[in-house]
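The values are calculated or read from the model by the stated rules, or taken from the named source; none is laboratory data. It should be emphasised that the depicted structure is a prediction, and the values quoted were computed from it without experimental measurement. No Cβ is skipped: glycine too gets one built from the backbone with ideal geometry, and neighbour counts run over all protein chains shown. Please note that ligands, DNA and RNA were not included when accessible areas were found on the heavy atoms of the full protein model with its side chains. Shrake-Rupley method; radii C 1.70, N 1.55, O 1.52, S 1.80 Å.
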Amino acid sequence: MEIEKSFEEVRELIPQINLLLITANEIETFHVRQALLPLNDETDVIKVPHGMHTYFIGVFGEYLAVHVQLGKMGSLSYAGAILTAFESINKWNPKAVLMIGVAMGVNEEKQRIGDVLISDTIISYEIQRLSKGGITQRGSIVDAGGLLLDRFKNISWTNPIDDGLFSKILPSQILSGEKLIDNLRERNKILKVFPQASGAEMEGSGIYAACKKANINEWLLVKGICDYGDGNKDADKEQRQNLAAQSATSLSLKVFGSKVGFTDIGLEPIKSVNKSNNDGIKRNSEKFENEIVAIVEVNQKPEIMHSAVQITVAAFLELSSYQKAKVIDTLDLPLNTLINLSAHEMDKEVFRQVRERNLLPALWQAINTIKPFENNINPFV
C-alpha cells in the first residue's frame, strides 16, 4: 500500500539522502520508479507531496535517494529543470544530482536506440548573438561532475536491446536547449556548428544552472537514445522511449550499486535494504509473491491452476521494466495510469486488471513471447 508522509515526518531522513534523481516525462518516471526499493522498515517507497512537487523516497542501488519529475519539459518554464532542480536541492540537500531519461542521437549509422549518452560536457546551444555579421554562439560549454563521469565511464554493464545486441555507453558532448528537434535539415544545421556533439536534449543546461547555484559539483545527465531528430520521432515512439529510459535507468542502477565508489564525495550507502532479483531491476518479489498470486488466482482446476499462476506471476516479476512495459502494452492496459506507482503497487495493479478482465491467457502469451517458458503450452487456454 502506498505510504504518504508529510515533509515534516520525513525530515529526519534528509541527512541520509545522498542522491537526487530527476526525470522529465512519464516514461522516464515509470522506469526510475520501478528501480526504487523501500527502506527496510517500510512496506513501500515513501510519497511526499510538498510545495509544487511530489517526491518519492526509496533506495536506488545502495543509496537512499529522492526522486522528482519535472512539471514541464525544458529548463525555463515555472515547472522546468532550473526551478524544479533548485527547489529540490534546497529541500533535500543531496550530494549528487542525476538526471535520467531519453535524448536525441545524431548518427543512426553509429548509434542505436537504447545506447546511453552520459554528459561529458553540456552546451547551451541556443544562446546566441544576432548581429549584422551573422550569428555568434555564446552558450557556455560546461563539464559535468568529474567523479560521477568517471564512475559511469568505468562500469562493467550489459543491457540487451531488441536486435540481439547490447547497449553502449557513450560519454558525449550533449547539446541542450528549449527546442524539440525533429527536423533533419534543422538538426544538421545545428550539428554543423557543433560537429562534436553526440546528442541533444532539453533539460541539461537547467540542471547545470541549478547545481551551480547550489554549489553542487557532482551532477550528470544519463540519457538513452530514443530517436535521431530526423523527422521520425513519432515512429514507434513509446517503444523507443521505453527502451531508452530503461537502458539509462539500468546503467544508473548498476553504477550506484557500488558501496565504495562515492565515498570521496560523501555518499554513504544505506546500511541495510531488502534485495532480490539479479538483473539490476531489484525488487521484493518473494516478500509479496503470495499476495500477488492471490490477486490473480483462478478457481478452475485449482490443483493445476495454482502452480501455473505462480509460475506466470514469478516470470512477470523477473522481467525488466522495459519488458514489463511491453507486456502492459500488449495487454492494452493503460501505462499512463501506472506511471506514478511504485514497483510493488504497479505489479499489484497489473494483476488486479488481469483478473478483472480475464487476461491470464494473454498475460502468459505476452511473457512467453519475451522470455519463453520451459513448457511452451499456454495453461490458461
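Can you tell me which residue is most open to solvent (accessible area, probe 1.4 Å) among those in the stretch 192-204 that are within 21 Å of E28 (Cα to Cα) and outside any strand (DSSP E or B)?
Among those that are within 21 Å of E28 (Cα to Cα) and outside any strand (DSSP E or B), it is M202.
In this structure, does I141 turn out to be among the aliphatic types (A, V, I, L, M), out of contact with any Cys (no Cβ under 6 Å at 6 or more places or on another chain) and either closer than 30 Å to D234 by Cβ or at pLDDT below 95 (or both)?
Judged against the criteria, I141 is a match.
Mind telling me which of the residues L175, L170 ends up being in a strand (DSSP E or B) and touching a Leu at 6+ places or on another chain (Cβ under 6 Å)?
So the residue among L175, L170 that is in a strand (DSSP E or B) and touching a Leu at 6+ places or on another chain (Cβ under 6 Å) is L170.
Kindly indicate the residue of the stretch 33-65 that is more than 23 Å from F86 (Cβ to Cβ) and aliphatic (A, V, I, L, M) and also most open to solvent (accessible area, probe 1.4 Å) among those meeting that condition.
The qualifying residue most open to solvent (accessible area, probe 1.4 Å) is L39.
Would you check if there is a residue in the stretch 159-166 being open to solvent by 50 Å² or more (accessible area, probe 1.4 Å), farther than 21 Å from L243 by Cβ, modelled with pLDDT under 95 and out of contact with any Pro (no Cβ under 8 Å at 6 or more places or on another chain)?
no
For the stretch 321-371, list the helices (runs of 4 or more DSSP H) that sit wholly inside it and hold at least 3 residues that are hydrophobic (A, V, I, L, M, F, W, C) and in contact (Cβ under 8 Å) with a residue 24 or more places away in the chain; which are they?
Because the criterion is at least 3 residues that are hydrophobic (A, V, I, L, M, F, W, C) and in contact (Cβ under 8 Å) with a residue 24 or more places away in the chain, the helices (runs of 4 or more DSSP H) in the stretch 321-371 that meet it are 343-356, 360-370.
Residue under question is S307, and the condition is that it be closer than 30 Å to L147 by Cα, of a type in the set (G, A, S) and either in a helix (DSSP H, G or I) or at pLDDT below 80 (or both); does it hold?
It is false that S307 is closer than 30 Å to L147 by Cα, of a type in the set (G, A, S) and either in a helix (DSSP H, G or I) or at pLDDT below 80 (or both).
Given (1) in a strand (DSSP E or B); (2) more than 24 Å from S258 (Cα to Cα), identify the lone condition not met by S77.
Unmet for S77, out of (1) in a strand (DSSP E or B); (2) more than 24 Å from S258 (Cα to Cα): (1).
Here are some residues: I17, I22. Which one is open to solvent by less than 60 Å² (accessible area, probe 1.4 Å) and within 19 Å of A200 (Cα to Cα)?
I22
Answer with yes or no whether K189 is in a helix (DSSP H, G or I) and more than 29 Å from A343 (Cβ to Cβ).
Yes; evaluated as a whole, the condition is true for this residue.
Report whether or not L13 is at pLDDT below 95 and touching a His at 6+ places or on another chain (Cβ under 7 Å).
So L13 does not fit the description; no.
Sort out which residues of the stretch 247-269 are of a type in the set (S, T, N, Q) and either in a helix (DSSP H, G or I) or under 15 Å from the mean Cα position of the chain (by Cα) (or both), and write them in order of number.
S247, T249, S250, S252, T263
I need a count of the residues in the stretch 210-238 that are closer than 19 Å to V68 by Cβ and outside any loop (DSSP other than H, G, I, E, B).
9
Would you point out the residue of the stretch 95-122, among those that are out of contact with any helix residue (DSSP H, G or I) (no Cβ under 8 Å at 6 or more places or on another chain) and either in a loop (DSSP other than H, G, I, E, B) or β-branched (V, I, T) (or both), that is farthest from D163 (Cα to Cα)?
The extreme case among them is T121.
Test I207 against the criterion of being touching a strand residue (DSSP E or B) at 6+ places or on another chain (Cβ under 6 Å), part of a helix (DSSP H, G or I), within 24 Å of H31 (Cα to Cα) and at pLDDT 90 or above, and give yes or no.
yes
Would you mention how many residues in the stretch 6-53 are under 18 Å from the mean Cα position of the chain (by Cα) and part of a helix (DSSP H, G or I)?
Looking only at that region, the number is 10.
Applying the selection to the stretch 199-238, what residues are over 18 Å from the mean Cα position of the chain (by Cα), within 30 Å of T330 (Cα to Cα) and of a type in the set (D, E, K, R)?
D230, K233, D234, D236
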